[in-house]
Amino acid sequence: MIYKTRKDKRTRRHLRIRNKISGTAARPRFCVSVTANNIYCQFIDDEKGVTLATTSTVEPKFKAEKARANLAGATLLGQIAAEKAKAAGIETVVFDRSGFRFHGRVKAIADAARANGLKF
């Protein structure tokens, strides 16, 4: 019997999700990654292999708000991500939760991005 760690299981879920979704220039992939201390968001065009826009909790704009990487901080990060996407000309995206459960901080980012005009 093979025991798998939580990280191995999340990686398998992430690969299973990535087999089904892909970002294009017209509809990039909105990838969210959550660590113990930080949250990272990227808008990725998988056809060209480039990142169109990015934001995280380590950026000065986020730090200026004196926010942390908790639920309230995730909501703020979703707003910042939606603003950066609009500045880059992105209106619709494919949401990639990276194998994380769609609850808590991941859900807060998605809801805040939707509330600020991002469609997915």
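Consider the stretch 101-120 and keep the residues that are exposed (fewer than 14 other Cβ atoms within 10 Å of the Cβ) and among the charged types (D, E, K, R). The one that is nearest to K61 (Cα to Cα) is D111. Hey, among the residues in the stretch 1-18 that are aliphatic (A, V, I, L, M) and part of a loop (DSSP other than H, G, I, E, B), which one's surrounded by the fewest Cβ atoms within 10 Å (Cβ to Cβ)? Per the stated criteria, the residue is M1. Looking at S22, S98, just one residue is in contact with a helix residue (DSSP H, G or I) (Cβ under 8 Å, 6 or more places away or on another chain), surrounded by 13 or more Cβ atoms within 10 Å (Cβ to Cβ) and hydroxyl-bearing (S, T, Y), and that residue is S98.
Scanning the stretch 41-55 for residues that are surrounded by fewer than 18 Cβ atoms within 10 Å (Cβ to Cβ) and touching a residue at least 12 places away in the same chain (Cβ under 8 Å) yields D46, E47, K48, T54. Given the condition among the aromatic types (F, W, Y), free of Cβ contacts under 8 Å to residues at least 60 places away in the same chain and more than 25 Å from T24 (Cα to Cα), answer yes or no: does some residue in the stretch 88-111 qualify? Among the residues of the stretch 88-111, not one is among the aromatic types (F, W, Y), free of Cβ contacts under 8 Å to residues at least 60 places away in the same chain and more than 25 Å from T24 (Cα to Cα), which makes the answer no. Does the stretch 28-40 contain at least one residue that is of a type in the set (A, V, I, L, M), free of Cβ contacts under 8 Å to residues at least 40 places away in the same chain and closer than 19 Å to A72 by Cα? Yes.
Here A53 passes the criteria (1) closer than 15 Å to R97 by Cα; (2) touching a Lys or Arg at 6+ places or on another chain (Cβ under 8 Å); (3) not hydroxyl-bearing (S, T, Y) except the one numbered (1). Report, by residue number, each residue of the stretch 19-42 that is assigned to a loop (DSSP other than H, G, I, E, B), in contact with a strand residue (DSSP E or B) (Cβ under 7 Å, 6 or more places away or on another chain) and of a type outside the set (G, A, S). Within the stretch 19-42, I21, T24, R27, P28, N38 qualify.
Specify which of the listed residues (A74, A112) is under 24 Å from K7 (Cα atoms), in contact with a helix residue (DSSP H, G or I) (Cβ under 6 Å, 6 or more places away or on another chain) and in a helix (DSSP H, G or I).
Details: A112 fails: under 24 Å from K7 (Cα atoms).
After ruling out the rest, the residue left standing is A74.
Across the stretch 43-64, which residue is modelled with the lowest pLDDT among those that are under 11 Å from K84 (Cβ atoms) and not in a strand (DSSP E or B)? Here the answer is K61.
The values are calculated or read from the model by the stated rules, or taken from the named source; none is laboratory data. The shown structure was predicted, so the numbers you read here are calculated from the model rather than taken from an experiment. Note that each Cβ is placed from the backbone with ideal geometry, even for glycine, and that neighbours are counted across all protein chains shown.
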